[in-house]
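The values are calculated or read from the model by the stated rules, or taken from the named source; none is laboratory data. In this text the structure is predicted, and so the values were computed from the model without any measurement. For neighbour counting, all protein chains shown are included, and Cβ atoms are generated from backbone atoms with ideal geometry for every residue, glycine included.
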Amino acid sequence: MQELDERKIKILNAIIRNYLDTGEPVGSRTISKYSDLSLSSATIRNEMSDLEEMGFILQPHTSAGRIPSDKGYRFYVDNLMREKDREVTEMKDFIIEHTERMERVLKQMAKVLAENTNYTAMITAPSYQRNKLKFLQLSQIDAEQLLAVIVMEGNIVKNKMISTREALDNETLLKLNILLNTSLNGLSADQINLGTIARLKEQAGIHSNIISDLLDALAEAIQEEEELEIYTSGTTNILKYPELQDSQRASELLNTFEEKQQLITLVNETLASEEETGIQVYIGDESPIQNMRDCSVVTATYRLGDGMQGTIGIIGPKRMDYENVVDNLKTLKVQLDTVFKKPEGKA
C-alpha cells in the first residue's frame, strides 16, 4: 500500500472494475470518464505507465489498453476485503451499543408505564419486518468451505457456511461477490425470482452450484426470526383488583407474564390487526390470550423507521381507566421514536 498514492489507487481500482465488467483492456479515455477522478487523459496515461512499471497492470498488446496483473488483483482484493471487514465490524459494534442502550431504556419505560397506570405493562424490543439484503461477502475458509457474511436491512448480520468442491482463487471470489451484490442488494426473499436466479447462475458459469447454495443460505437468513425480547413491569399490580384476585386466575396471569410465550401471540395479533390509530383494545373475550379473558388489554405499535417496529401493551381489569392508558401509550410511542431516532450518517 505504501507504493501507491491515492490517485494511483483510484486509477487502479477503476481499471480493475472496468476489466471485471467487460473483460476488455482498459484505456485512459475510459478511465477519464470516471466523475470522481477529474483527470486529463494525459495525466491518466502517465499514472498508468507508473502502475505498469510497478507491476500492477499489464499491456497485453501494443497500442491496447491495460489489464490487471496478479499483483494488481491481490492489491484490489486485499483492500476490498479489508474495507468490507471494517464495515461489518462497525455495523456489529453499532448494533451491540444500540441494543444495550435500547434494553435499558425499554425496561425503564415499562416501569414508568406501570407506575403511571397502576396496571401491568409490557414492551417488546423492535424487530425488523422487511428483511431485505443490504450486503453480502463470500470468503474462502478452506478448500471445502466458504463463509457467507449476510447483512440484512437494519444491519442484522448472519454468518452461513457453504460447502464447495474446490478452493476458489481471489479473482473468482471477487467476481462472485460483485455479481451477487450487484444483482441482489435491496431485494427481499420474494423478490428473488426464477429469472434473477437463472441470470445469476448463467453469469456464474461453472460456479453456478455455489450460487444455488448461497441463495438457499440467503433465504434461510431472511426467513429466520429473531428471538423476540419482551420486557414487563408491574406484574403484581394485577393483584390489586378484587375481580382478579382469585388464586387460580391470578396464578395463570402471573404465569403468562413469566413464561411470555403467550405474550408473543398477543404481539403478533396486534401487528396483524392494528387499527389506523395505532391503538388496539381487547376487552374480555376479545383477547387472543385465554388467561386474559377477565382483563382488558390495550396495545400500540411503535415504529422507528427502516421497517423496525415493536409493541407496547397495558393489561388491567375491564374497568381500567381507558383514557389514561391510551394517553400514556400515545406519549410513549412519541418518546420511543425520539429516543431511538437513527443519527445522521449511521448505517
Residue count for region 1-25, restricted to those that are in contact with a strand residue (DSSP E or B) (Cβ under 6 Å, 6 or more places away or on another chain) and of a type in the set (Val, Ile, Thr) | 2
Of all residues making up region 48-68, the number that are within 13 Å of GLY27 (Cβ to Cβ), under 43 Å from the mean Cα position of the chain (by Cα) and hydrophobic (A, V, I, L, M, F, W, C) = 3
Answer with yes or no whether ASN13 is touching a residue at least 60 places away in the same chain (Cβ under 8 Å), assigned to a helix (DSSP H, G or I), buried (at least 16 other Cβ atoms within 10 Å of the Cβ) and not hydroxyl-bearing (Ser, Thr, Tyr).
-> yes
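Is it fair to say THR172 is β-branched (Val, Ile, Thr), under 20 Å from the mean Cα position of the chain (by Cα) and at pLDDT 80 or above?
When the stated conditions are applied, THR172 does not pass them.
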Lone qualifier among LEU51, LEU20 - being assigned to a helix (DSSP H, G or I), at pLDDT below 85, of a type outside the set (D, E, K, R) and under 15 Å from PHE75 (Cα atoms) = LEU20
Which listed residue is modelled with pLDDT of 85 or more and over 30 Å from ASN159 (Cβ atoms), from LYS107, LYS71, LYS33 = LYS71
Residue selected from region 109-130 under the condition of a type outside the set (A, V, I, L, M) and crowded, with 20+ Cβ neighbours inside 10 Å, by the criterion farthest from LEU266 (Cα to Cα) = THR117
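Name the residue that is farthest from LEU80 (Cα to Cα), counting only residues in region 153-179 that are in a strand (DSSP E or B) and out of contact with any Phe, Trp or Tyr (no Cβ under 7 Å at 6 or more places or on another chain).
Checking each candidate, the answer is SER163.
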Quick one: how many residues across region 282-293 are crowded, with 16+ Cβ neighbours inside 10 Å and either outside any loop (DSSP other than H, G, I, E, B) or at pLDDT 85 or above (or both)?
-> 3
Exception for PHE257 within (1) at pLDDT below 85; (2) farther than 30 Å from LYS134 by Cα; (3) in a strand (DSSP E or B) falls at (3)
